[in-house]
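One structure is given here, and the rest of the page talks about it.
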Amino acid sequence: MNKITIIGGGNLGKSIISGLADSDLFETNNITVVDKSKYNLIEVKEKLGVSTSQNIIESIEAVKWIILCVQPRQLNEVLKEIKDKITPNQILISTVTGTSIEEINVIVPNNKVVRVMPNTGASKKLSMTCIAANEDVKAELETVQKMFDTIGKTLIIEERLMQAATVLGASGIAFFLRFLRAMIQGGIQMGFHPHEAQIIAVQTAIGAATLVAENGTHPEREIDKVTTPQGCTIEGLNEMEHQGLSSSVIKGVMASYEKINTIK
Ligand SMILES: NC(=O)c1ccc[n+]([C@@H]2O[C@H](COP(=O)([O-])OP(=O)(O)OC[C@H]3O[C@@H](n4cnc5c(N)ncnc54)[C@H](OP(=O)(O)O)[C@@H]3O)[C@@H](O)[C@H]2O)c1
């Protein structure tokens, strides 16, 4: 039963499959990918050596874990297709944005469900993946966490925070990248060629994030270390704040959160 099927070998599915195939959690021939697109299947089979199928029903036979990795609008169709075939000992892991465990259990009432929310860092094994499940999944949660540890960092959260996790972690990639773009534009205005400005800004962003990640410090502590009294850094920082940097980021995060709570 140590077999896993991933339904949906698209952008995210491929990253998850790559992490699982590189790990020692499953033999590659015990990992099956199902997708409508034969091109996606050829790609994962050739690159990662996993099994592939275009038949959902056959692919979930005798597997313990089923990862749902299709678009939200495609989920109901997949659940309806598997509902009469799936057995109660099979665990569903849903990556699908905005669909609750309760909603999934309306169609497949007898299966344990784990929700996961990775981000696109997964393709570089640098995902932040938030994981949520009900009490009944306690025994299996550690294994699910190990699966997603193969594509980055994981955190177990309460399901009520899953929408917030989507904004902070998944949309967060776009938010940080927009700040990065602004830094590059500033660099170009000061005289750097765009590709030089990008090299400097990207490496500086990696350095800043790594300082906080590895030192475990609050960002403001690391800011203090580069802020000379009456110097150029504090001048720039204060001007950014006068222009509303922190306030606009918080307002943007909250606007995104309000929006996600209205999407169904
Ligand atoms: N991308 C991310 O970073 C990210 C992060 C967090 C969560 N998510 C969630 O992860 C899910 C997948 O996202 P994605 O970006 O990987 O989507 P995607 O690239 O569109 O991949 C989904 C794949 O599943 C296939 N598919 C759909 N219905 C199928 C069916 N009935 N049988 C077999 N294959 C089927 C699709 O084929 P067709 O294209 O032919 O329909 C497509 O190849 C979404 O629900 C998204 O909300 C994504």
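The values are calculated or read from the model by the stated rules, or taken from the named source; none is laboratory data. Just so you know, these numbers come straight off a predicted model, no measurement behind them. In this analysis, Cβ positions are derived from the backbone assuming ideal geometry, glycine residues included, and neighbour counts consider all displayed protein chains. Protein only, heavy atoms only, side chains kept; ligands, DNA and RNA dropped before computing areas. Shrake-Rupley method; radii C 1.70, N 1.55, O 1.52, S 1.80 Å.
When you go through (1) crowded, with 16+ Cβ neighbours inside 10 Å; (2) within 30 Å of Ala174 (Cα to Cα); (3) within 15 Å of the ligand (Cβ to nearest atom) one by one for Thr52, which number turns out not to apply?
(2)
Read through the list (1) within 23 Å of the chain's Cα centre (by Cα); (2) modelled with pLDDT of 95 or more; (3) open to solvent by 30 Å² or more (accessible area, probe 1.4 Å); (4) of a type outside the set (A, V, I, L, M, F, W, C), then give the number of the only condition that Ser123 fails.
Unmet for Ser123, out of (1) within 23 Å of the chain's Cα centre (by Cα); (2) modelled with pLDDT of 95 or more; (3) open to solvent by 30 Å² or more (accessible area, probe 1.4 Å); (4) of a type outside the set (A, V, I, L, M, F, W, C): (2).
For Val44, indicate whether it is more than 8 Å from the ligand (Cβ to nearest atom) and either modelled with pLDDT of 95 or more or within 26 Å of Ala170 (Cα to Cα) (or both).
Spelling it out, Val44 is indeed more than 8 Å from the ligand (Cβ to nearest atom) and either modelled with pLDDT of 95 or more or within 26 Å of Ala170 (Cα to Cα) (or both).
Could you tell me which of the residues Ile91, Ile82 is more than 7 Å from the ligand (Cβ to nearest atom), within 29 Å of Gly172 (Cα to Cα) and open to solvent by less than 20 Å² (accessible area, probe 1.4 Å)?
Criteria check complete, one pass: Ile91.
Within the stretch 158-168, is there a residue that is part of a loop (DSSP other than H, G, I, E, B), open to solvent by 90 Å² or more (accessible area, probe 1.4 Å) and out of contact with any Cys (no Cβ under 7 Å at 6 or more places or on another chain)?
Checked the stretch 158-168: at least one residue is part of a loop (DSSP other than H, G, I, E, B), open to solvent by 90 Å² or more (accessible area, probe 1.4 Å) and out of contact with any Cys (no Cβ under 7 Å at 6 or more places or on another chain).
Restrict the check to the stretch 185-204 and report whether at least one residue is surrounded by 11 or more Cβ atoms within 10 Å (Cβ to Cβ), of a type in the set (Ser, Thr, Tyr) and within 16 Å of the ligand (Cβ to nearest atom).
No, there is no match, as no residue in the stretch 185-204 is surrounded by 11 or more Cβ atoms within 10 Å (Cβ to Cβ), of a type in the set (Ser, Thr, Tyr) and within 16 Å of the ligand (Cβ to nearest atom).
How many residues does the stretch 115-149 contain that are closer than 20 Å to Ser23 by Cβ, charged (D, E, K, R), touching a residue at least 24 places away in the same chain (Cβ under 8 Å) and away from the ligand (no atom under 16 Å from the Cβ)?
Within the stretch 115-149, residues that are closer than 20 Å to Ser23 by Cβ, charged (D, E, K, R), touching a residue at least 24 places away in the same chain (Cβ under 8 Å) and away from the ligand (no atom under 16 Å from the Cβ) number 2.
For residues that are open to solvent by 70 Å² or more (accessible area, probe 1.4 Å), free of Cβ contacts under 8 Å to residues at least 40 places away in the same chain and more than 13 Å from the ligand (Cβ to nearest atom), tally how many sit in the stretch 1-41.
Counting residues in the stretch 1-41 that are open to solvent by 70 Å² or more (accessible area, probe 1.4 Å), free of Cβ contacts under 8 Å to residues at least 40 places away in the same chain and more than 13 Å from the ligand (Cβ to nearest atom) gives 3.
If you take the residues of the stretch 94-114 that are touching a Lys or Arg at 6+ places or on another chain (Cβ under 7 Å) and under 17 Å from Lys64 (Cβ atoms), which of them is farthest from the ligand (Cβ to nearest atom)?
Checking each candidate, the answer is Val108.
Out of the stretch 44-75, which residues are of a type outside the set (Phe, Trp, Tyr) and under 21 Å from the mean Cα position of the chain (by Cα)?
Val44, Leu48, Ile66, Ile67, Leu68, Cys69, Val70, Gln71, Pro72, Arg73, Gln74, Leu75
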